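Where a number appears in this text, it was derived from the coordinates with a stated rule and is not lab data. The structure displayed is predicted, hence computed values, not measured ones. Neighbour counts run over all protein chains shown; Cβ positions are idealised from the backbone, glycine included.
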Amino acid sequence: MAGSTVWLTPWGGKGGNTWQFIIPDGARIIKISVRSGDILDSISLTYKDESGYIFSEKYGGNGGLLHNIELADNENLVGISGRFGTFQNITAITSFSFQTNIKTYGPFGINGGTDFSVGLAEGKFFGFYGRSGSYIDALGVILQP
């Protein structure tokens, strides 16, 4: 693992179970899958490295519509944004978007709340972590400067 990592404090609530997904050096995110309706129901990621394709677990529940976003060979994740707020008496991620060097995907989810965002001028997204149950209760990012 080259360089240090920075774990940004997660946005959202304290419900659900903890999870984390690390993207190793030399790997590249090639697919992001989200399920969403009124809020962000789940997220899963796929990366590719020299050994092949690595799939994360699905973090969150089975509600909402499935959106599979496959990134082009020259496309890299450069930012995420969204909102967190109250949904069915829990604090969760109510809206989620991500930005690549080519375009923005989302928003996934439709409810309001408090905005969050992180973008990279340099470095890379090294991983994601948070809390989930039936929804994505909280979402944080791990950056490698």
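Check whether at least one residue in segment 114-133 is over 14 Å from Trp11 (Cα atoms) and touching an Asp or Glu at 6+ places or on another chain (Cβ under 8 Å), and report yes or no. Checked against the condition, which is being over 14 Å from Trp11 (Cα atoms) and touching an Asp or Glu at 6+ places or on another chain (Cβ under 8 Å), segment 114-133 yields no hits at all. The C-beta contact set for segment 14-33 (first residue touching a residue at least 12 places away in the same chain (Cβ under 8 Å), second residue among the basic types (Lys, Arg), distance under 7 angstrom, 6+ apart or interchain) comprises Lys14/Arg131; Gly15/Arg131; Gly16/Arg131; Asn17/Arg131; Thr18/Arg131; Ala27/Lys48; Arg28/Lys48; Ile30/Lys48. One residue stands out among those in segment 23-55 that are among the polar types (S, T, N, Q) and surrounded by fewer than 21 Cβ atoms within 10 Å (Cβ to Cβ): the one that is farthest from the chain's Cα centre (by Cα), which is Ser51.
Considering the conditions (1) of a type in the set (Gly, Ala, Ser); (2) assigned to a strand (DSSP E or B); (3) closer than 23 Å to Thr18 by Cβ, Gly63 is excluded by exactly one of them, (2). Restricted to segment 96-145, the set of strands (runs of 3 or more DSSP E) holding at least 1 residues that are basic (Lys, Arg) comprises 124-132. So, Asn68, is that one surrounded by fewer than 19 Cβ atoms within 10 Å (Cβ to Cβ), in contact with a Ser or Thr (Cβ under 6 Å, 6 or more places away or on another chain) and assigned to a strand (DSSP E or B) or not? Considered against the rule, which asks whether it is surrounded by fewer than 19 Cβ atoms within 10 Å (Cβ to Cβ), in contact with a Ser or Thr (Cβ under 6 Å, 6 or more places away or on another chain) and assigned to a strand (DSSP E or B), Asn68 comes out as yes.
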